[in-house]
Structures are given as structure tokens and as C-alpha cells.
Amino acid sequence: MSDIHSLLIAAILGVVEGLTEFLPVSSTGHMIIVGHLLGFEGDTANTFEVVIQLGSILAVVVMFWRRLFGLIGIHFGKKPEHEGQGSGRLSLIHILLGMVPAVVLGLIFHDTIKSLFNPINVMYALIVGGVLLIAAEVLKPKQPRAVGIDDMTYRQAFRHRLLPVSGAMAGLLAFRSDDFRRDADGCKPLCGL
């Protein structure tokens with residue numbers, strides 16, 4: 001593959017990542033499908049997908065760095081504003097509870113999950129995910145149970161991450177099931193971060 005061709009593929013996948021990362025769709029799923037259509041697959045493609053998504057993670061860290069440090073008790077200047085209506089406060093425990101399902105099931109079912117990352121499974125997952133997002137929008141409670149991220153309970157934090165992991169086990173790894181869970185739980189969009 002020539003350098004120009006590689007740069008073109010990187011640019012196209014970068015645009016796909018940038019357009020899909022903060023939408024209720026799977027950026028990874030779309031990159032897998034577009035990469036397949038461009039003939040960009042294998043270990044190099046997998047590494048590229050991980051590296052390009054580090055940029056998205058870095059963007060979140062840059063945007064929310066004060067809040068992230070606040071989770072471990074380090075505050076720079078004034079405390080971040082409370083995001084919600086209740087008196088709760090997002091804590092490190094919320095984050096850790098959200099990680100438990102992914103860590104446990106990821107360790108147990110690593111090989112199975114890895115085998116699901118192919119264009120056919122991803123296409124089906126995107127379709128099923130779209131249907132589930134529409135269903136969640138229709139069925140969500142009229143009154144949100146958590147207006148802001150600080151209103152989330154420990155149970156909601158755990159459940160928000162449980163569905164994406166269980167979805168991965170069912171071959172639905174590429175849809176934004178966290179958005180489905182958030183809507184079904186009656187939380188506003190940024191509450192599911």
C-alpha cells in the first residue's frame with residue numbers, strides 16, 4: 001500500500017471517527033465497516049482503530065480534566081458546578097461500578113468478543129442498535145430520573161455499563177447500547193457518560 005493511499009484511508013477513517021464518536025452510533029462499528037469497504041483490515045487496521053480512538057478519549061480528558069481530578073479529591077480552583085437536581089455527586093465509586101461488568105465479562109469472554117469484530121456482525125449490530133435506540137426513545141419515562149450526571153445512583157452507574165457488555169456478548173458490540181440503557185433508565189443524554 002502506497003503512502004498516499006495509506007494517508008487517504010487514514011483521513012477517511014478520521015472523518016468517520018470524528019463524525020460518529022459523539023453521536024448515539026458506534027464509531028468503532030462504522031470504522032470497521034468503512035475500513036472493510038476500503039480494504040483496510042487486519043492487525044494494522046485494528047491498531048489504527050485503537051490509536052484513533054485515543055484521540056477521542058483525550059478530548060474527553062481535556063474537556064473534563066477538572067472533574068476527573070475531582071473524582072480523586074484533587075481540586076484546581078473552584079469545585080466543578082453540580083450537574084443535576086439532587087444533592088448527589090458523581091464519585092470514583094460510580095466510575096468503578098461502571099467498569100465492573102466490562103472487566104469481568106471481558107476477562108471471561110475475551111476470545112468470543114474478539115471474534116465478533118467483523119463487518120457482518122457489525123452491520124447487524126448497527127441495525128439492531130438503531131431499532132433499540134428508537135424503542136428506548138419511545139418508551140423512556142416522561143420525567144427523567146436523573147437530570148444530570150451527579151444525579152446518577154450507583155445502581156444506574158452499574159446498569160449503564162452492564163447492557164453494553166451484555167450486548168457485546170450477544171454480538172451487538174457495535175451499537176450504542178449505553179444510550180439505550182440511559183434512555184430506558186430515564187436519564188438525560190450527558191448523564192450516561
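Bear in mind these aren't lab numbers, they're just calculated from the coordinates by the rules spelled out. Here the structure is a predicted model, which means the values were calculated and not measured. Neighbour counts run over all protein chains shown; Cβ positions are idealised from the backbone, glycine included.
Tabulated data
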| quantity | calculated |
| --- | --- |
| Two-decimal Rg to Rh for the stretch 1-63 - Kirkwood Rh, Cα set | 0.97 |
| Distance between modelled label sites at Val138 and Val61, nm, 7 Å Cα→Cβ extension | 4.2 |
| Label point at Val131 placed 7 Å out along Cα→Cβ; residues across the stretch 1-34 whose backbone nitrogen lies under 20 Å | 24-26, 29-30 |
| Neighbourhood net charge (12 Å Cβ-Cβ; Lys/Arg +1, Asp/Glu -1) for Met31 | -4 |
